[in-house]
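Chemist: My questions all concern the structure below.
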Amino acid sequence: MSNSTEKDIYILAIESSCDETAAAVVKNGRCVLSNIISSQIELHKLYGGVVPEIASRKHIEKINQVIQEALDTAGMTLDQMDAVGVTYGPGLVGALLVGVAEAKAISYAKKLPLVGVHHIEGHISANYIENQTLEPPFVCLVVSGGHTHLVVVRDYGKYEILGHTRDDAAGEAFDKVARAIGLGYPGGPKIDKLSKEGNPDAIAFPRPKFEDSPYDFSFSGLKSAVLNYLNGCQMKGETVNRADVAASFQKAVCDVLVEHAMLAVKDSGLHKFAIAGGVASNSTLRAALAEACEKHKIEFYHPSPILCTDNAAMIGAAAYYEYIAGKRDGLDLNAVPNLKLGER
């Protein structure tokens with residue numbers, strides 16, 4: 001989509017909602033001039049998951065240099081930016097506050113408009129970067145460590161939530177099962193890799209459904225079924241084939257996600273479907289959705305894996321559409337850790 005004005009719009013975007021300190025320079029919402037990510041995964045591996053206090057401290061250490069590197073890579077300065085976009089929720093409150101404080105400081109010092117961005121809106125907007133022709137309306141499945149949503153993107157910045165998880169998010173279930181079978185953190189990529197050596201039909205794990213809400217998800221029971229299976233093996237003295245457990249669990253998650261997504265696309269009458277979020281980089285899920293979309297003659301959009309995990313380029317894409325729609329935030333912008341999609 002071309003810019004609605006003659007002038008190119010350059011946005012400096014900042015993302016610090018969890019354990020990645022990221023900054024990017026994005027032109028007209030779809031052209032990424034730089035996308036710098038400083039990951040803390042190695043640090044949090046020691047603890048088996050993200051430690052909020054450590055994440056916040058690391059963001060403070062890294063944020064200035066990450067922003068400078070994003071500007072240098074783009075070959076630009078703060079004076080050439082038209083606005084600052086920043087994630088203000090949902091996420092870890094201490095981590096979010098670092099990015100929000102930084103964005104507000106830049107906005108104040110350089111007299112730049114400030115645009116607060118919803119993290120999930122950012123994930124959805126990652127699809128615009130590599131799919132230049134994609135425009136709303138379309139159905140999007142957002143799957144990450146903290147979120148599992150089925151959303152109809154009615155227009156830029158306008159979302160209708162069809163379904164969501166009632167308990168654990170898909171990524172959370174991956175992390176918990178990975179820990180239970182001794183793979184460690186981060187669980188998603190490790191289960192994806194180990195699954196390739198296992199039989200996805202070896203163990204019959206449940207695929208939860210709700211009669212009253214066919215688009216809603218539940219992964220808590222599936223996670224419990226895996227833990228019960230492991231405990232049962234231990235009590236009987238049976239050897240656990242970890243690859244089979246990983247593959248069978250992953251197939252159960254993918255089956256549920258694919259089935260719900262295809263039902264939502266069919267019921268919505270739309271023929272465009274996209275995925276977003278960290279779990280959207282899972283190779284088995286991507287392959288299963290690609291196959292289902294081909295079967296049902298649906299156009300399938302998916303960001304590269306690097307744009308599925310937390311990054312600032314996606315925040316810049318979302319911020320651009322908010323900016324041209326006239327959204328501006330004041331210096332009273334605050335972090336909102338439990339911000340719902342569609343809230344302002």
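Chemist: Condition check: assigned by TED's automatic domain parsing to the domain that holds HIS118 and surrounded by fewer than 17 Cβ atoms within 10 Å (Cβ to Cβ). Does LEU43 satisfy that? Let's see the steps before the verdict.
Modeler: Values: assigned by TED's automatic domain parsing to the domain that holds HIS118: yes; surrounded by fewer than 17 Cβ atoms within 10 Å (Cβ to Cβ): yes.
When the stated conditions are applied, LEU43 passes them.
Chemist: Restricting attention to segment 47-88, report how many residues are out of contact with any strand residue (DSSP E or B) (no Cβ under 6 Å at 6 or more places or on another chain) and at pLDDT below 95.
Modeler: Matching residues across segment 47-88 total 14.
Chemist: Answer yes or no as to whether PHE217 is closer than 25 Å to THR309 by Cα and under 27 Å from the mean Cα position of the chain (by Cα).
Modeler: Working: closer than 25 Å to THR309 by Cα: yes; under 27 Å from the mean Cα position of the chain (by Cα): yes.
In short, yes.
Chemist: I'd like to verify a number: residues in segment 223-241 that are in contact (Cβ under 8 Å) with a residue 12 or more places away in the chain and of a type outside the set (A, V, I, L, M), how many? Lay out the reasoning, then the answer.
Modeler: So in segment 223-241, the residues in contact (Cβ under 8 Å) with a residue 12 or more places away in the chain come out as 223, 225-227, 229-230, 240-241.
Filter once more, keeping what is of a type outside the set (A, V, I, L, M): 223, 229, 241.
Residues flagged as in contact (Cβ under 8 Å) with a residue 12 or more places away in the chain and of a type outside the set (A, V, I, L, M) within segment 223-241 amount to 3.
Chemist: Name the single residue that is surrounded by the most Cβ atoms within 10 Å (Cβ to Cβ) among those in segment 128-154 being under 14 Å from LEU341 (Cβ atoms) and not hydrophobic (A, V, I, L, M, F, W, C).
Modeler: Applying the filter and picking the extreme gives THR148.
Chemist: Among all residue pairs at least 6 apart or on different chains, which show Cβ distances below 7 Å where the first residue, located in segment 44-70, is over 23 Å from ALA24 (Cα atoms) and touching a residue at least 12 places away in the same chain (Cβ under 8 Å) and the second is among the acidic types (Asp, Glu) and in a helix (DSSP H, G or I)?
Modeler: GLY49/ASP175
Chemist: Something else now. Just one of GLY94, GLY89, GLY116 is touching a residue at least 24 places away in the same chain (Cβ under 8 Å), touching a Leu at 6+ places or on another chain (Cβ under 6 Å) and surrounded by fewer than 24 Cβ atoms within 10 Å (Cβ to Cβ); which is it? Explain how you work it out, then say what you get.
Modeler: On the way: GLY94 fails: touching a Leu at 6+ places or on another chain (Cβ under 6 Å); GLY116 fails: surrounded by fewer than 24 Cβ atoms within 10 Å (Cβ to Cβ).
So the residue among GLY94, GLY89, GLY116 that is touching a residue at least 24 places away in the same chain (Cβ under 8 Å), touching a Leu at 6+ places or on another chain (Cβ under 6 Å) and surrounded by fewer than 24 Cβ atoms within 10 Å (Cβ to Cβ) is GLY89.
Chemist: Restricting to segment 102-130, what's the tally of residues that are modelled with pLDDT under 95 and not in a helix (DSSP H, G or I)?
Modeler: 0
Chemist: If you don't mind, another one. How many of the residues making up segment 298-316 are under 14 Å from the mean Cα position of the chain (by Cα) and closer than 17 Å to ILE14 by Cβ?
Modeler: At the first step, the residues of segment 298-316 found to be under 14 Å from the mean Cα position of the chain (by Cα) are 302-315.
Filter once more, keeping what is closer than 17 Å to ILE14 by Cβ: 307, 309-315.
Of the residues in that region, 8 qualify.
The values are calculated or read from the model by the stated rules, or taken from the named source; none is laboratory data. Just so you know, these numbers come straight off a predicted model, no measurement behind them. Neighbour counts are summed over all protein chains in view; Cβ atoms, including those assigned to glycine, are modelled from backbone coordinates with ideal geometry.
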